[in-house]
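Here's the structure, in structure tokens; my notes come after.
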Amino acid sequence: MIDRDLILRKLDGVRHHSERLRHKLPASADVLVQSEDLRDIVANNVSQAVQFAFDAATQVRMNGRIAGWVAPPERGINNLPVEYEYVRLQ
């Protein structure tokens, strides 16, 4: 079962760390090069945003399942059936 609230919390984490990045990134790359602390802050927030995004995607990606709040498409990619196994995970 897909937990919508969990996914929304994960997306809030992406939003939070993206917002911190927006506020912390300097106008010049030279400032970033000269400040190890600022590089650490930026790297940490990039890492956290990516992790939250990955966690959200992991919750949604379930073989043969479509989230309950999304209308299933009539056809898949290249007019294949929605159930078509586009990627085989071994």
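General observations
Residues checked against (1) over 30 Å from PRO81 (Cβ atoms); (2) modelled with pLDDT under 95; (3) of a type in the set (Ser, Thr, Tyr):
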| site | (1), (2), (3) |
| --- | --- |
| LEU6 | no, yes, no |
| ARG15 | yes, no, no |
| PRO26 | yes, yes, no |
| ALA29 | yes, yes, no |
| ASP40 | yes, no, no |
| VAL46 | yes, no, no |
| ALA56 | no, yes, no |
| ASN63 | no, yes, no |
| ALA67 | no, yes, no |
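- Considering region 19-34, the residues that are surrounded by 11 or more Cβ atoms within 10 Å (Cβ to Cβ), of a type outside the set (A, V, I, L, M, F, W, C) and without any contact (Cβ under 8 Å) to a residue 24 or more places away in the chain include one that is nearest to ARG4 (Cα to Cα), namely GLU19.
- Taken as a whole, region 72-82 holds at least one residue that is modelled with pLDDT of 80 or more, assigned to a loop (DSSP other than H, G, I, E, B) and of a type in the set (Asp, Glu).
- Pairs linking a residue in region 35-51 that is under 12 Å from LEU21 (Cα atoms) and of a type in the set (Lys, Arg) to a residue that is in a helix (DSSP H, G or I) and at pLDDT below 95, with Cβ atoms under 9 Å and 6 or more positions apart or on different chains, are ARG39/LEU32; ARG39/VAL33.
The values are calculated or read from the model by the stated rules, or taken from the named source; none is laboratory data. Since this is a predicted model, take the numbers as computed values, not measurements. Please note: Cβ atoms are built from the backbone with ideal geometry, for glycine as well, and neighbour counts cover all protein chains shown.
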